[in-house]
Structures are given as C-alpha cells and as structure tokens.
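The values are calculated or read from the model by the stated rules, or taken from the named source; none is laboratory data. Bear in mind the structure is a predicted one, so any value in this text is a computation, not a measurement. Glycine gets a Cβ as well: all are built from the backbone with ideal geometry, and neighbour counts include every protein chain shown.
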Amino acid sequence: MKLSTRTRYGMRAVIELAENSGKKPLQLKLIAQRQDISVKYLEQLMSILRSGGIIRSIRGARGGYTLARPANQIKISEIFNCLEGPVITAECVDDEDYCERVADCAARILWVKVQHVIKNIMESLTLQELIDRAKDRKGSDYQI
C-alpha cells in the first residue's frame, strides 16, 4: 500500500499548521516554501482540508490558514479520510460479494487484519500526539 502524494503533502501542511498553533495564521506561500510543495498544488489541498473541516482560512492582510479545531481534537483518521478516503486494503474486505472466493480465501484474512490495524492506529492517534512524538524524537540524543 502506498499513500498518494495528496495525502503525504496534505499531512505535512496540517502538521505545519499544528506546530504553529496559537500563533498568527500561516500564509499559503510560507507553508509551501517550508514544506517544498508548489503553491498551486497546496491551494488544492487546502481547499479539500477546509471542506473537510480540518482547517479554516482567514481573509485579509493578516489572514492565512489555521487548524479548525485544537490539534488534540483532530484524529489522524479524519485527515486521512479527508485526503485519501477510507482505508481499503482490498475490495473484498468491505464487499464480500466482490469475489466468489471470499469464504475460503486465506489472503482475505490478512487483508482484513491489516485494514483493521491501520484504521485502529489512525483512529487512536490525534494530531497533537503526532506532534508531541516528533518533538520527543528530535530531543533525544539516540538516533539510528
């Protein structure tokens, strides 16, 4: 399974906003520059994230983008679903009629388990927890 560029870049933009939380709104150009994302592509991502209720935009000279809610109230699953859609490892996991082999397919057992684990991790982790874990890693002297 490979995440789309939309999800990877969108997550980076949201993390940038979370790290800036409590400060003035960030302008699109600054986010694009810091995250090495084209302004045009970032505009599209921000529109999706705004429609999904993850971020909000503020108009005016001092405007820009902020999180729509505190980072500790935004689950990673919300961001992922907004950008990528639901986690689906294989069509047969959600639709048993998709394949006639579903009843005795050993591989389907794996796909169900993988999908369940991914969903649980993203559902249990907030944006703030992700930021905090990254800060903890930066502060440690131990690296591989």
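Would you confirm whether any residue within segment 35-57 is over 14 Å from the mean Cα position of the chain (by Cα) and farther than 21 Å from residue 5 by Cα?
Among the residues of segment 35-57, at least one is over 14 Å from the mean Cα position of the chain (by Cα) and farther than 21 Å from residue 5 by Cα, which makes the answer yes.
Within segment 36-77, which residues are polar (S, T, N, Q) and under 24 Å from residue 118 (Cβ atoms)?
51, 72, 73, 77
When you check residue 69 against the structure, is it more than 15 Å from the chain's Cα centre (by Cα) and at negative phi, yes or no?
Details: more than 15 Å from the chain's Cα centre (by Cα): no; at negative phi: yes.
Against the criterion (more than 15 Å from the chain's Cα centre (by Cα) and at negative phi), residue 69 does not qualify.
Tally time: how many residues in segment 13-57 are charged (D, E, K, R) and in contact with an Asp or Glu (Cβ under 9 Å, 6 or more places away or on another chain)? First the steps, then the outcome.
Taking segment 13-57 first, the residues charged (D, E, K, R) are 16, 19, 23-24, 29, 34, 36, 40, 43, 50, 56.
With in contact with an Asp or Glu (Cβ under 9 Å, 6 or more places away or on another chain) added as a condition, the list becomes 34.
Looking only at that region, the number is 1.
Filter segment 60-89 down to the residues that are among the acidic types (Asp, Glu) and either assigned to a strand (DSSP E or B) or free of Cβ contacts under 8 Å to residues at least 40 places away in the same chain (or both) and list them by number. Before the answer, list the steps.
Within segment 60-89, the subset among the acidic types (Asp, Glu) is 78, 84.
Listed by number, the list holds a single entry, 78.
Could you count how many residues in segment 1-55 are over 18 Å from residue 75 (Cβ atoms) and assigned to a loop (DSSP other than H, G, I, E, B)?
Residues flagged as over 18 Å from residue 75 (Cβ atoms) and assigned to a loop (DSSP other than H, G, I, E, B) within segment 1-55 amount to 12.
Can you run down the residue pairs with Cβ atoms below 7 Å, 6 or more apart or on separate chains, where the first is in segment 115-141 and over 21 Å from residue 68 (Cα atoms) and the partner is modelled with pLDDT under 95 and in a helix (DSSP H, G or I)?
Between residues of segment 115-141 that are over 21 Å from residue 68 (Cα atoms) and residues that are modelled with pLDDT under 95 and in a helix (DSSP H, G or I), the close pairs are 115/93.
Before we move on, is residue 100 acidic (Asp, Glu), assigned to a helix (DSSP H, G or I) and either surrounded by 12 or more Cβ atoms within 10 Å (Cβ to Cβ) or out of contact with any helix residue (DSSP H, G or I) (no Cβ under 8 Å at 6 or more places or on another chain) (or both)? Quick ask: steps written out before the conclusion?
On the way: acidic (Asp, Glu): yes; assigned to a helix (DSSP H, G or I): no; either surrounded by 12 or more Cβ atoms within 10 Å (Cβ to Cβ) or out of contact with any helix residue (DSSP H, G or I) (no Cβ under 8 Å at 6 or more places or on another chain) (or both): yes.
Spelling it out, it is not the case that residue 100 is acidic (Asp, Glu), assigned to a helix (DSSP H, G or I) and either surrounded by 12 or more Cβ atoms within 10 Å (Cβ to Cβ) or out of contact with any helix residue (DSSP H, G or I) (no Cβ under 8 Å at 6 or more places or on another chain) (or both).
Identify the residue in segment 101-144 that is among the basic types (Lys, Arg) and in contact with a Lys or Arg (Cβ under 9 Å, 6 or more places away or on another chain) and, among all such residues, is modelled with the lowest pLDDT.
As a first pass, look at segment 101-144 and keep what is among the basic types (Lys, Arg): 101, 108, 113, 119, 133, 135, 137-138.
With the extra rule that they be in contact with a Lys or Arg (Cβ under 9 Å, 6 or more places away or on another chain), the set shrinks to 101, 108.
Numbers: 101: 84, 108: 89.
Applying the filter and picking the extreme gives 101.
Looking at residue 57, is it closer than 21 Å to residue 134 by Cβ and either surrounded by fewer than 18 Cβ atoms within 10 Å (Cβ to Cβ) or touching a strand residue (DSSP E or B) at 6+ places or on another chain (Cβ under 7 Å) (or both)?
On the way: closer than 21 Å to residue 134 by Cβ: no; either surrounded by fewer than 18 Cβ atoms within 10 Å (Cβ to Cβ) or touching a strand residue (DSSP E or B) at 6+ places or on another chain (Cβ under 7 Å) (or both): yes.
No, not satisfied.
Does residue 98 satisfy the criteria of being over 13 Å from the mean Cα position of the chain (by Cα) and modelled with pLDDT under 95? Explain how you work it out, then say what you get.
Values: over 13 Å from the mean Cα position of the chain (by Cα): yes; modelled with pLDDT under 95: yes.
Against the criterion (over 13 Å from the mean Cα position of the chain (by Cα) and modelled with pLDDT under 95), residue 98 qualifies.
For segment 1-36, give me each residue that is of a type outside the set (Ser, Thr, Tyr) and touching a residue at least 60 places away in the same chain (Cβ under 8 Å). Don't jump to the end; show me each part of the working.
Let us first name the residues in segment 1-36 that are of a type outside the set (Ser, Thr, Tyr), namely 1-3, 6, 8, 10-20, 22-36.
Answer for segment 1-36, where residues must be of a type outside the set (Ser, Thr, Tyr) and touching a residue at least 60 places away in the same chain (Cβ under 8 Å): 1, 3, 6, 10, 11, 14, 15, 18, 19.
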